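Report on the following structure.
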Amino acid sequence: METRQSSLLCAHVGLLLLIGLISFHLPEVQGAPTDFWCNSGARKCMLKKIENLRKDMANCMGSDTLPSPIQLPCVWIHAAQWATKTVQKKSAEVMGGLQGFYDAVQKAIIQIPSSTCHTSVLGELKHRITTYKNIVSYVYEQNDTPQPVIQHCSNETSLNTMLEQYEKLLRGKLERLAIDLRFSMCKGDHIIPNNCNS
């Protein structure tokens with residue numbers, strides 16, 4: 001009996017180690033944030049999933065218009081001003097933007113009927129935003145970063161427009177932050193297969 005239990009325990013431990021080894025190299029796993037910051041291919045894989053969500057939202061039947069507008073955070077970026085900011089301030093700005101979109105998605109979900117195509121896409125978007133927030137929070141552990149401040153720049157009722165604005169945040173401020181961090185966080189090569197499965 002003890003021999004069988006030991007064998008089962010070893011099998012479970014081996015399986016957990018295998019899962020951990022595989023998941024460490026997935027671009028969305030929170031346990032390896034340096035892979036995200038150091039490999040543009042990993043970021044492109046995650047961004048492709050957001051692009052697909054935007055397409056899914058556009059294909060949903062029925063209106064994508066909310067009964068009342070929701071506030072969206074600022075996504076535009078002024079290159080000259082961005083260059084003068086510290087990494088800490090940039091990180092706080094990106095985190096503030098992510099939190100702003102997370103809050104917007106929460107409010108949008110409340111306004112629309114449950115179990116609809118739009119609700120499903122928003123639920124997946126919420127999950128994706130959480131993943132990005134967890135990755136950016138790693139920077140907080142490495143730097144003395146101020147608390148994020150959410151700056152709202154627009155009110156919107158269109159869910160498709162909200163997704164477009166969110167994608168701009170990822171392509172703009174988040175990508176520029178990754179470029180700023182590559183020299184301080186990336187030591188050696190971080191190779192991730194550029195296999196973007198939707």
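What the table shows:
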read-out	value
Close pairs from the stretch 81-98: first under 17 Å from Ser137 (Cβ atoms), partner open to solvent by 70 Å² or more (accessible area, probe 1.4 Å), Cβ under 6 Å, at least 6 apart	Gly96/Val149
Residue count for the stretch 145-198, restricted to those that are closer than 27 Å to Thr119 by Cα, at pLDDT below 85 and in contact with a Cys (Cβ under 7 Å, 6 or more places away or on another chain)	1
All positions within the stretch 66-103 that are within 15 Å of Gln165 (Cβ to Cβ) and among the small types (Gly, Ala, Ser)	Gly96, Gly97, Gly100
The stretch 45-99 - residue that is open to solvent by less than 70 Å² (accessible area, probe 1.4 Å) and acidic (Asp, Glu) and, of those, nearest to Ile179 (Cα to Cα)	Glu93
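Yes/no matrix, rows are residues, columns are (1) crowded, with 20+ Cβ neighbours inside 10 Å; (2) free of Cβ contacts under 8 Å to residues at least 24 places away in the same chain; (3) farther than 17 Å from Gly96 by Cα:
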| site | (1), (2), (3) |
| --- | --- |
| Gln147 | no, no, no |
| Gln151 | no, no, no |
| Asn155 | no, no, no |
| Leu159 | yes, no, yes |
| Glu164 | no, no, yes |
| Glu167 | no, no, no |
| Leu170 | yes, no, no |
| Asp180 | no, no, yes |
| Ser184 | no, no, yes |
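Here's the yes/no breakdown for (1) assigned to a helix (DSSP H, G or I); (2) over 23 Å from Pro148 (Cα atoms); (3) touching a Leu at 6+ places or on another chain (Cβ under 7 Å):
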residue: Asp56; (1), (2), (3): yes, yes, no
residue: Ser63; (1), (2), (3): no, yes, no
residue: Ser68; (1), (2), (3): no, yes, no
residue: Trp76; (1), (2), (3): no, no, no
residue: Met95; (1), (2), (3): yes, no, no
residue: Ile110; (1), (2), (3): yes, yes, no
residue: Ser114; (1), (2), (3): no, yes, no
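The values are calculated or read from the model by the stated rules, or taken from the named source; none is laboratory data. Bear in mind the structure is a predicted one, so any value in this text is a computation, not a measurement. Don't worry about glycine lacking a Cβ; one is built from the backbone with ideal geometry, like all the others, and counts go over all protein chains shown. With ligands, DNA and RNA removed, areas are computed over all heavy atoms of the protein, side chains included. Shrake-Rupley method; radii C 1.70, N 1.55, O 1.52, S 1.80 Å.
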